[in-house]
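Each remark here refers to the structure printed beneath this line.
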Amino acid sequence: MLQFLRICLDIVLWRRGPQDLPASGLLLAISVAVYIAVSAVQLALLGETAATWFFFIVVDPLMLGLWVWLVLKLYGHAERYMQTAAAVFGTGAVLGLGLYLPLQLIVTQLGFEPTSGLAQVFALLLVVAFVLVTGRIIKLATDSNLFTGIAVALTYFVAINYLVGVLRGPGT
């Protein structure tokens, strides 16, 4: 397990790629479980609604897994799904634990609102980190270029945020 986390950290730092993970259903299941656990901690700290919990605990992981599969299928590399999905979920958990949660705690402890300027700067940093890390994973998994990987990651990010906006309704 520590080896998996170390590889995910190396992927976040651009020292390794999804090809460095074994193609293992168990590893994929563990990475999804850790990703969901980190999401649950984030949601608890934010005091989110039950609908938001359902979305990020059930819908987001399903959509992310399906999105990775679809992209790999379109590029003719569906056989790389387990490694790529494990890398995406694993690095998502590492980014959540190592970057998002500490920044969220700083904002909360300093008494800033989630909509404050500081919180929004931190949110932008997280988006950039997610897009760069996930984009690079997609680049390596599809044998394409970084622009394509970033475009794929940004498309997922925009889609998921659009759906969250629809879920929360207008004015939120």
* **Members of the range 114-159 found to be crowded, with 18+ Cβ neighbours inside 10 Å and closer than 15 Å to residue 12 by Cβ, listed by number** => 130, 131, 133, 134, 135, 136, 137, 138, 139, 140, 149, 153
* Mind checking which residues of the range 41-82 are among the charged types (D, E, K, R) and either open to solvent by less than 80 Å² (accessible area, probe 1.4 Å) or outside any helix (DSSP H, G or I) (or both)? -> 48, 60, 80
* Structure fact -> Within the range 1-40, the count of residues that are assigned to a loop (DSSP other than H, G, I, E, B) and of a type in the set (S, T, N, Q) comes to 1
* **Residue that is surrounded by the fewest Cβ atoms within 10 Å (Cβ to Cβ), among those in the range 160-172 that are hydrophobic (A, V, I, L, M, F, W, C) and either farther than 13 Å from residue 64 by Cβ or free of Cβ contacts under 8 Å to residues at least 60 places away in the same chain (or both)** => 166
* **In the range 83-113, the residues that are among the small types (Gly, Ala, Ser) and either open to solvent by 50 Å² or more (accessible area, probe 1.4 Å) or part of a loop (DSSP other than H, G, I, E, B) (or both)** => 98, 111
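The values are calculated or read from the model by the stated rules, or taken from the named source; none is laboratory data. On a predicted model such as this, the values are computed, not experimentally measured, just so you know. As a convention, Cβ positions derive from the backbone with ideal geometry for all residues, glycine included, and neighbour counts pool all protein chains shown. Side chains included, ligands, DNA and RNA excluded: accessible areas come from the protein's heavy atoms. Shrake-Rupley method; radii C 1.70, N 1.55, O 1.52, S 1.80 Å.
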